[in-house]
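A.B. asks: This is the structure, below, for whatever I ask next.
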Amino acid sequence: MTQQAAPTRTAGRPSGGASSFDIVPTGCALGAEIVGLDIAGEVSSADFARLRQAYDEHSVLVFRGRALQPAEQVAFSRGFGDLERHVVEKYLLPGHPEIFRVSNIVENGQRIGGSGEFWHTDLSYVAEPSRGSLLYAVEVPVRDGVVLGDTEFASSAAAYDALPAALRRKLDDMQAVHRFGDIYAKVNAQRGTTTTLSDEQKKRTPDVVHPVVIRHPFSGRKSLFVNEGFTVSILGVPEAESTRLLEELYAHCKRPEFVYRHKWQPHDLVMWDNWATIHRATGGYTAEERRLMYRTTLQASVPFGSLTPQ
Ligand code: SIN
């Protein structure tokens with residue numbers, strides 16, 4: 001697990017001079033930094049094609065330190081697909097409903113954003129889980145010159161590959177239930193808060209069932225598709241066995257060899273592939289130390305039901 005992109009290994013630029021940036025792998029199981037591309041400007045279709053390839057290959061892409069207006073983040077994100085609008089509307093950025101705020105800032109007695117201080121996959125609890133997310137650091141908490149509030153990403157593809165063959169075969173045939181409704185109970189228990197989903201929000205997010213293992217439609221790699229935040233049980237398995245198996249998989253996925261930990265700087269943008277990763281915010285700052293991130297979330301471009309493991 002390293003925190004910075006390793007400068008020693010670079011995929012370089014393709015010959016022909018059509019493209020304009022370098023892809024520098026982090027040296028971890030996942031992640032690469034994109035160097036030399038102005039994402040606030042016009043990004044050519046050739047550059048988007050290369051970025052999409054890098055995204056499929058590395059699962060997490062890091063763009064360092066480019067100040068972005070909300071409209072520029074939305075425009076860049078749209079280069080990868082259509083965007084989701086989150087069900088918790090109070091956290092959407094006024095004037096830019098494609099942007100979901102992740103924040104600890106309180107205004108008029110209310111937090112202005114959500115939080116992800118638990119391992120999860122964004123929107124795994126909907127029938128068509130989103131392809132990925134792009135998170136932009138507007139404000140980061142700094143204490144004694146050190147930026148707090150890292151984000152960890154784990155490769156659920158590398159985690160799957162490292163399981164014993166017999167367990168992989170068993171998991172390939174299993175399905176799991178995902179639920180949004182329980183998340184506030186978990187967050188409230190952590191923080192001593194009392195937020196709940198409204199009846200309307202619950203109605204719009206009924207339980208869904210997904211395969212425990214999916215095959216990525218573009219990389220062809222298999223991945224575990226369960227996460228601590230939103231997976232509640234494995235279908236058709238006694239409760240105690242389901243809990244034991246899920247706990248085992250969660251512990252396995254978090255092993256340091258599968259993790260890239262991003263240390264934020266203001267104006268970093270990090271995008272990740274929800275079909276090959278889990279992630280979590282590490283927290284570690286007080287309520288007074290402001291953190292404000294803007295997240296755009298990509299809709300799936302293929303039906304999730306087609307990501308079957310066989
Ligand atoms: C998220 O879970 O979408 C955000 C992660 C973070 O706040 O670092």
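The values are calculated or read from the model by the stated rules, or taken from the named source; none is laboratory data. In this text, all values refer to a predicted model and were calculated from it rather than measured experimentally. Counting neighbours? That spans all protein chains shown, and the Cβs are built from the backbone with ideal geometry, glycine included. In case anyone asks, the SASA skips ligands and DNA or RNA and just uses the protein heavy atoms, side chains included. Shrake-Rupley method; radii C 1.70, N 1.55, O 1.52, S 1.80 Å.
A.B. asks: What FRET efficiency do you get for Lys202 and Ala75 if R0 is 25 Å and r is their Cβ-Cβ distance, rounded to the nearest 0.05?
C.D. replies: 0.15
A.B. asks: Each residue of segment 222-237 in order: what ³J(HN,Hα) in whole Hz does its phi give by Karplus 6.51 cos²θ - 1.76 cosθ + 1.60, θ = phi - 60°, with x for Gly and Pro?
C.D. replies: For segment 222-237, the Karplus-derived couplings read 8, 9, 6, 10, 9, 8, 4, x, 10, 7, 9, 6, 9, 5, x, 10 Hz, x marking Gly and Pro.
A.B. asks: For a quick check: with amide H placed at 1.01 Å from N, whose amide H comes under 5 Å from Leu92's, ignoring anything fewer than 5 positions away on the same chain?
C.D. replies: Arg101
A.B. asks: Oh, and also: Could you go through segment 155-170 in sequence order and give the Karplus-derived ³J(HN,Hα) for each residue, using 6.51 cos²θ - 1.76 cosθ + 1.60 with θ = phi - 60°, rounded to whole Hz, and x for Gly and Pro?
C.D. replies: 7, 7, 7, 5, 5, 4, 4, 7, 6, x, 4, 5, 5, 4, 5, 5
A.B. asks: I would also like to ask the following. For q values of 0.13, 0.14, 0.15, 0.22 Å⁻¹, compute log₁₀ I(q)/I(0) with the Debye formula on a Cα-only model of segment 63-191, without solvent.
C.D. replies: -0.74, -0.85, -0.97, -1.61
A.B. asks: Restricting to lysines 8 or more places apart or on different chains, can you count the pairs in segment 85-306 with Cα atoms under 18 Å from each other?
C.D. replies: Within segment 85-306, the lysine pair count is 6.
A.B. asks: Jot down the radius of gyration and Dmax of segment 203-284, Cα atoms only, both in angstrom.
C.D. replies: Radius of gyration, then largest Cα-Cα span, for segment 203-284: 15.1, 47 Å.
A.B. asks: A further question follows. Among Pro97, Thr296, Gly31, whose Cα projects farthest towards the positive end of the dipole of the chain, with charges put on the beta-carbon of Lys, Arg (+1) and Asp, Glu (-1)?
C.D. replies: With unit charges placed on the Cβ atoms, the residue in question is Gly31.
A.B. asks: Further question: Full extension from Glu247 to Ala67: what is 0.36 nm times the residue separation minus their Cα-Cα distance, to one decimal in nm?
C.D. replies: 60.8 nm
A.B. asks: Moving on. Tell me, what is the percent relative contact order of the chain, built from C-alpha pairs under 8 Å that lie six or more residues apart?
C.D. replies: After rounding, I find 31 percent.
A.B. asks: May I pose another question? Between Arg295, Arg85, Arg215, where does the largest GNM mean-square fluctuation fall for the chain, given springs only between Cα atoms within less than 10 Å?
C.D. replies: Arg85
A.B. asks: Please sort 106-119, 254-267 by packing, taking for each peptide the average over its residues of neighbouring beta carbons within 10 angstrom, highest first.
C.D. replies: Most protected by this proxy first, the peptides run 254-267, 106-119.
A.B. asks: Something else about it: Please state the relative contact order of segment 73-161 as a whole percent: Cα pairs under 8 Å, 6+ residues apart?
C.D. replies: Result for segment 73-161 is 15 percent.
A.B. asks: If packing is taken as the mean number of other Cβ atoms within 10 Å per residue, what is the order of 223-233, 26-36, highest first?
C.D. replies: Top of the packing list down: 223-233, 26-36.
A.B. asks: Please express the Cα-Cα pair-distance distribution P(r) of the chain as a list of whole percents, one per 10 Å bin, running from 0 to the bin with the greatest distance.
C.D. replies: 6, 27, 36, 23, 7, 0
A.B. asks: Continuing with the same structure: Over the chain, give the accessible area per residue in Å² for a 1.4 Å probe, as an integer.
C.D. replies: Counting only protein heavy atoms, the per-residue value for the chain is 44 Å².
A.B. asks: Find how much the distance from His96 to Glu239 grows on full extension, using 0.36 nm per residue of separation minus their present alpha carbon separation; answer in nm with one decimal.
C.D. replies: Here the segment from His96 to Glu239 would lengthen by 47.3 nm.
A.B. asks: Please list, ordered by chain and number, the residues whose modelled amide H lies under 5 Å from the amide H of Thr277; skip anything fewer than 5 residues away on the same chain.
C.D. replies: Ser156
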